[in-house]
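The values are calculated or read from the model by the stated rules, or taken from the named source; none is laboratory data. Quick caveat: nothing in here was measured; it's all calculated off a predicted structure. Positions of Cβ are backbone-derived with ideal geometry, glycine not excepted, and every protein chain shown enters the neighbour counts. Heavy atoms of the whole protein, side chains included, go into the accessibility calculation; ligands, DNA and RNA do not. Shrake-Rupley method; radii C 1.70, N 1.55, O 1.52, S 1.80 Å.
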Amino acid sequence: LITDLLPVLDNFQLALQSGQSLTDEHPLIKGVDMVYKQFFGVLERSGVELMDPVGQPFDPNFHEAVMTEPDSDQEAGIVTQVLRLGITLNGKVLRPAMVKVSG
């Protein structure tokens with residue numbers, strides 16, 4: 001059931017990101033954010049956690065690298081951007097984070 005709900009979580013996050021041009025006080029943003037928090041709260045109580053590995057070394061057990069980019073400020077093999085958050089359930093990876101890695 002949780003893996004079937006992950007696309008819904010992704011779509012909530014996309015909706016919130018697409019509304020960044022609006023203020024946090026805009027009724028639509030407030031409503032979507034309230035529903036997202038309630039929805040994610042249910043998942044959290046079931047043991048779901050988000051992985052946000054920016055700045056961490058790339059680990060194929062937790063991350064799926066889909067892009068690399070040269071970065072003179074960062075050593076090679078460091079996650080520079082998360083394209084899709086990773087999900088764990090009770091500490092086990094349900095979905096690896098889709099990431100961009102420094103090359």
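Among the residues of the range 88-98, how many are open to solvent by 70 Å² or more (accessible area, probe 1.4 Å) and either in contact with a strand residue (DSSP E or B) (Cβ under 8 Å, 6 or more places away or on another chain) or of a type in the set (S, T, N, Q) (or both)? Matching residues across the range 88-98 total 1.
In the range 46-77, which residue that is charged (D, E, K, R) and closer than 22 Å to Ala15 by Cβ is surrounded by the fewest Cβ atoms within 10 Å (Cβ to Cβ)? Here the answer is Asp52. Every condition in (1) at pLDDT below 95; (2) touching a helix residue (DSSP H, G or I) at 6+ places or on another chain (Cβ under 7 Å) holds for Ser72 except the one numbered (2). Annotation: of all residues in the range 1-42 being of a type in the set (A, V, I, L, M, F, W, C), without any contact (Cβ under 8 Å) to a residue 12 or more places away in the chain and in a helix (DSSP H, G or I), the one that is nearest to Leu94 (Cα to Cα) is Val42. Of all the residues in the range 43-52, those that are in a helix (DSSP H, G or I) and touching a residue at least 24 places away in the same chain (Cβ under 8 Å) number 1.
Within the range 78-87, not a single residue is open to solvent by 80 Å² or more (accessible area, probe 1.4 Å) and at pLDDT 95 or above.
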